[in-house]
1. What is the Å³ per residue value for the convex hull set by the Cα atoms of the stretch 3-69?
2. Please report Val87, Val51, Val30 as a ranked list, fewest other C-beta atoms within 10 angstrom at the top and most at the bottom.
Amino acid sequence: MSSAESKNLEAISKAIDHHNATCPFPAAEVRMNPFEVERLGWEEIRGLPIVPDPNIGTGRFHIVCSRDMEGDELEEIEAIGEDLVTVTPGTREEPGAPEADPAPAENPGRWN
C-alpha cells in the first residue's frame, strides 16, 4: 500500500470512528469522487461500501449516515411482539398453591 493510500485509509477510518462515536446511527457508506474510487481500487472500507459520487470533488469523501439513507435502500422488517409474564422465585400463579418454604431463621444464607 502506498503512502497516499495509507493516508486516505487512515483519514477515512478516523472519520468513520468519529461518526460512530457522535451519532446514534452507524455509518452506512463512504462516498467519493468516481475518479478517486477508480484510482484507489477499493470496493469497501471497514465493511462499508465505497460508492462513486460525481458531486464530491477529488481528494474528498463523505461518510453517509444510515439515518440519511433513502427508504428504498433500507430493508424494512415488521416485528411482532408478544406479552411476557414476569415470574419471581418463590411465588406461584395458581390459586390455592402452597407458598414456598422460607429459609431457616438460624442461617438465612443456607437453604438445606
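1. 77 Å³
2. Starting with the residue having the fewest Cβ neighbours, the order is Val87, Val51, Val30.
Computed from the coordinates by the stated procedures, all read-outs in this text should not be read as laboratory data. Note that the coordinates shown come from a computational prediction; the quantities given were computed from them, not determined experimentally. Positions of Cβ are generated from backbone atoms using ideal geometry, with glycine treated the same way; all protein chains shown enter the neighbour counts.
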